[in-house]
Every structure is written in C-alpha cells, then in structure tokens.
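The values are calculated or read from the model by the stated rules, or taken from the named source; none is laboratory data. Just so you know, these numbers come straight off a predicted model, no measurement behind them. Methodologically, a virtual Cβ is constructed for each residue, glycine included, from the backbone with ideal geometry; neighbour enumeration extends over all protein chains shown. The area values use the complete protein model at the heavy-atom level, side chains included, leaving out ligands, DNA and RNA. Shrake-Rupley method; radii C 1.70, N 1.55, O 1.52, S 1.80 Å.
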Amino acid sequence: MKNNLTTILLMVFIPFVFVTAIIPIVKKIAIHVNALDIPNERKVHKDPMPRLGGLGIYAGFLLGYMIFGEHTPTMNSILIGSFVLLITGIIDDIKPLEAKYKLIGQIIASLIVVFYGNLILRDVTLFSLYINFNYWAYPITILFILGCINCMNLIDGLDGLASGVSCIFFLTIGIIAYFQGRIGLSVVITFIMLGSTLGFLVHNFNPAKIFMGDSGSMILGFMISVITLLGFKTIITSSIIIPLFILIVPIIDTLCAIIRRKLKGDSIATPDNKHFHHQLLRRNCSVKMAVLIIYFITILFSAASIIWLLVDQKIGYIIYFVLMFALIIFTLKTDILFVKKGNKNEKHK
C-alpha cells in the first residue's frame, strides 16, 4: 500500500510541476496566435485574456500517460478522441466556431471511444433497479459523453471555476478508488488529470493569468465522462450516482440553461448571463467568493458521496437529500430557470 501511495503521489506531482512550469509558455503562444478572450457585457473580466490553457492541461496528461500509462486499444481511443477535442478547442480559442462545428468535433470524439475503445454504458443498477440499455447503450453513452463535455463548457465562466470543480471531482474519485483498493486505467487517468488540472489552476485561480478556453473545458468534460465509464459502470448504484452528485452544480446549471433558453424561444447554444455563478455575482459576491461558494457546494456533495460509498449509505442519503433541498430552494429563488420580472430587460451576449 505504501508503494501504491508513492506511485499515486508521483502521478499527481509530476504533471502538476510540469503544467505549472509550461503555462507561462502556453500564455505567450496564445498571445502570439491571438487566442484571446475579449470582454463583453456578459463576461466578468475587463481586459483581453489569453486562452489555450487546455493545451497545457493536455500536455500534462500526455506526460503522465507516457510515464504511468499502458498501451491498450481503449487508451488509444481516449488519446485520439481527446486530441480531436483539443484541435477543435484550439481552433475555437483562436477564432470562435459556430456551435454546430464544435458539436461535430465532440460527436467524433465520442464515437471514437464508443466504437473503437468499446467504452459503453451497457447497464446500470440504480436503487436496486437493474436497467439493461441493450441497443440503446450506444446512443445513451454518446449522449452521456456529450453532456459531460458541455456541462464543463457551460460552467467555465469565472476564474478557476471549471478547473477547480474538476480538481474536486478527480480528487474525490481518487480517494474512493484508493480506499477501495482499485487499480486500472480509470485510476491512472484520474490522478494524472488531477495533477495536470491543479497545475493549471495555479495560474487560473482569481485573478487569472490565463483561461483554459474550449480546448480545456471540453478536454476536462471528456476525461470526466471517460473516467466515469471506465471505473464506475460496474459498481452498482455508484456507476452514475457518485459522478452526477459531485458535478451537481454544472449539471443543474446546464439543465436550467436548456430549459430557460427553450422557454424564451432561443437556441440552447445562445449564451446568456443567467448561469449559477451569475446568480451569486448578483448577490454582491466577488468573483473569488462566488467561485469558493461553488467549490464549497461541490466539496459537500463530494463528502456525501464518500460517506455514502465508504462509511454509511443511510447517512449519505440524508446528506444528499438536505443538500439537494437547499440547492433547489436557491435555484427557485433566482432567475436561473425563470426570468424574474425585474430582470426581463437584461441583455444577452
């Protein structure tokens, strides 16, 4: 166990140091190719900010894989799929793409891991109810991957938000895997991505020096979906429950955004300023405070997940219920879902 812990620490430490060191170089590259996030009325930052942070995260992932990973068809599919997303994201970071073109890149990446990597959510056991998806397993898996990618994409609106929430996810999954004594590809990717994302967060936390851009948010969402499918699809209810609760804020934010935009007759890809973090900013929270609040909510759900899986399921259920109730009350008191009368005239991007 001691050697295992040493290996795990190295999986985190080496990508962390590497990414921390290369991000200043990535920042210079972003400025050189004009991959800049320009401020507008919807965004919080006031000055043009270099993007392409995803390039640094991906470089850390590749380094970690070369040192600790194993060559398998599944890993090949993950490498190819993530590279497709990286290229799509880099192009978008330099010159914004229409949503449909980004979706094409996301679908291609999903198809690669599903059909080449044979990474499929075939069945799930949820609250003692067994569900076999049969032929629907393929479209359900693709939709799950697309959902994770776009959840992280949508929540990437404040300094350190998407990267910090992702770090909490990777850490929680890593803790569960360690105490369950589990090994395998999902565990390796989890700790490598934890180190890489932490290294980026050093430069991305408020006040940020660089943004991850779509090249980063799509990679993070993709890796989160891959880890979930690899490591949790065979472990009873934790197959979906654990990851979904850890990512409850971006999931609720995404679902509300879809409903909100459909009710207004807009495309679901239409940007606006009604996201979860915008609601906190309207309540006089600073950017840093809003991010820390979302971190805290995510940590509470992560702690509940660890308690549910490793300590006592009944206590875990109670904590889940209390947290969900509080989150729903907050959602209903904001205009994250339905625009309040006083906010009808607020503009979109």
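Would it be correct to say that T88 is surrounded by fewer than 22 Cβ atoms within 10 Å (Cβ to Cβ), in contact (Cβ under 8 Å) with a residue 24 or more places away in the chain and closer than 16 Å to F222 by Cα? Steps first, answer last, please.
Details: surrounded by fewer than 22 Cβ atoms within 10 Å (Cβ to Cβ): no; in contact (Cβ under 8 Å) with a residue 24 or more places away in the chain: yes; closer than 16 Å to F222 by Cα: yes.
Against the criterion (surrounded by fewer than 22 Cβ atoms within 10 Å (Cβ to Cβ), in contact (Cβ under 8 Å) with a residue 24 or more places away in the chain and closer than 16 Å to F222 by Cα), T88 does not qualify.
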| note | Within the stretch 186-217, residues among the hydroxyl-bearing types (S, T, Y) and crowded, with 23+ Cβ neighbours inside 10 Å come out as T190, S196, T197, S215, S217
| task | Test L52 against the criterion of being hydrophobic (A, V, I, L, M, F, W, C) and either in contact with a Ser or Thr (Cβ under 7 Å, 6 or more places away or on another chain) or open to solvent by 70 Å² or more (accessible area, probe 1.4 Å) (or both), and give yes or no. | result | yes
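How many of the residues making up the stretch 310-338 are open to solvent by less than 40 Å² (accessible area, probe 1.4 Å) and either of a type outside the set (S, T, Y) or touching a helix residue (DSSP H, G or I) at 6+ places or on another chain (Cβ under 6 Å) (or both)? Break it down stepwise before answering.
Step one: filter the stretch 310-338 for residues open to solvent by less than 40 Å² (accessible area, probe 1.4 Å), giving 316, 320, 323, 327, 331, 334-337.
From the residues that got through so far, the ones that are either of a type outside the set (S, T, Y) or touching a helix residue (DSSP H, G or I) at 6+ places or on another chain (Cβ under 6 Å) (or both) too are 316, 320, 323, 327, 334-337.
Residues meeting the conditions: 8.
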| Name the pairs: first residue in the stretch 154-166 and open to solvent by less than 20 Å² (accessible area, probe 1.4 Å), second residue not in a helix (DSSP H, G or I), Cβ to Cβ under 6 Å, at least 6 apart or on different chains? | G160/F205; G160/N206; A162/D156
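Report yes if some residue within the stretch 95-102 is open to solvent by less than 70 Å² (accessible area, probe 1.4 Å) and in contact with a Phe, Trp or Tyr (Cβ under 8 Å, 6 or more places away or on another chain); otherwise report no. First the steps, then the outcome.
Step one: list which residues in the stretch 95-102 are open to solvent by less than 70 Å² (accessible area, probe 1.4 Å), which gives 97, 99, 102.
Narrowing further to those that are in contact with a Phe, Trp or Tyr (Cβ under 8 Å, 6 or more places away or on another chain): none.
No, the stretch 95-102 contains no residue that is open to solvent by less than 70 Å² (accessible area, probe 1.4 Å) and in contact with a Phe, Trp or Tyr (Cβ under 8 Å, 6 or more places away or on another chain).
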| note | Selection from the stretch 261-278 of residues surrounded by fewer than 20 Cβ atoms within 10 Å (Cβ to Cβ) and assigned to a helix (DSSP H, G or I) yields R261, K262, L263
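Look through L154, L119, L201, L194 and report the one residue that is outside any helix (DSSP H, G or I) and not acidic (D, E).
Sole residue among the options that is outside any helix (DSSP H, G or I) and not acidic (D, E): L119.
What's the total number of residues in the stretch 67-85 that are of a type in the set (S, T, Y) and open to solvent by less than 10 Å² (accessible area, probe 1.4 Å)? Even if it seems obvious, please write down each step before you answer.
Within the stretch 67-85, the first condition is being of a type in the set (S, T, Y), and the residues that meet it are 72, 74, 77, 82.
Subset that is open to solvent by less than 10 Å² (accessible area, probe 1.4 Å): 77, 82.
Within the stretch 67-85, residues that are of a type in the set (S, T, Y) and open to solvent by less than 10 Å² (accessible area, probe 1.4 Å) number 2.
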| remark: Pairs returned, first residue in the stretch 169-193 that is farther than 22 Å from A304 by Cβ and β-branched (V, I, T), second residue that is open to solvent by 10 Å² or more (accessible area, probe 1.4 Å) and assigned to a helix (DSSP H, G or I), beta-carbon separation under 7 angstrom, 6 or more apart or interchain, are V188/M11; V188/F68; I192/M11; I192/Y65; I192/F68
| remark: Those residues of the stretch 281-300 which are open to solvent by 10 Å² or more (accessible area, probe 1.4 Å) and part of a helix (DSSP H, G or I) amount to L281, R282, V287, K288, M289, L292, I293, Y295, F296, I297, I299, L300
| request: Consider only pairs whose beta carbons are under 8 Å apart and that are at least six residues apart or on different chains; among these, list those whose first residue lies in the stretch 11-34 and is within 13 Å of L55 (Cβ to Cβ) and in contact (Cβ under 8 Å) with a residue 60 or more places away in the chain and whose second residue is aromatic (F, W, Y) and in a helix (DSSP H, G or I). | output: V19/F200; I23/F200
| query | Before we move on, is L310 over 18 Å from S163 (Cβ atoms) and in a helix (DSSP H, G or I)? | reply | yes
| field | Selection status of A109, open to solvent by less than 30 Å² (accessible area, probe 1.4 Å) and either of a type in the set (A, V, I, L, M) or at positive phi (or both) | value | yes
| Hey, S225 hits all of (1) modelled with pLDDT under 85; (2) closer than 14 Å to G147 by Cα; (3) of a type in the set (S, T, N, Q) but one; which does it fall short on? | (1)
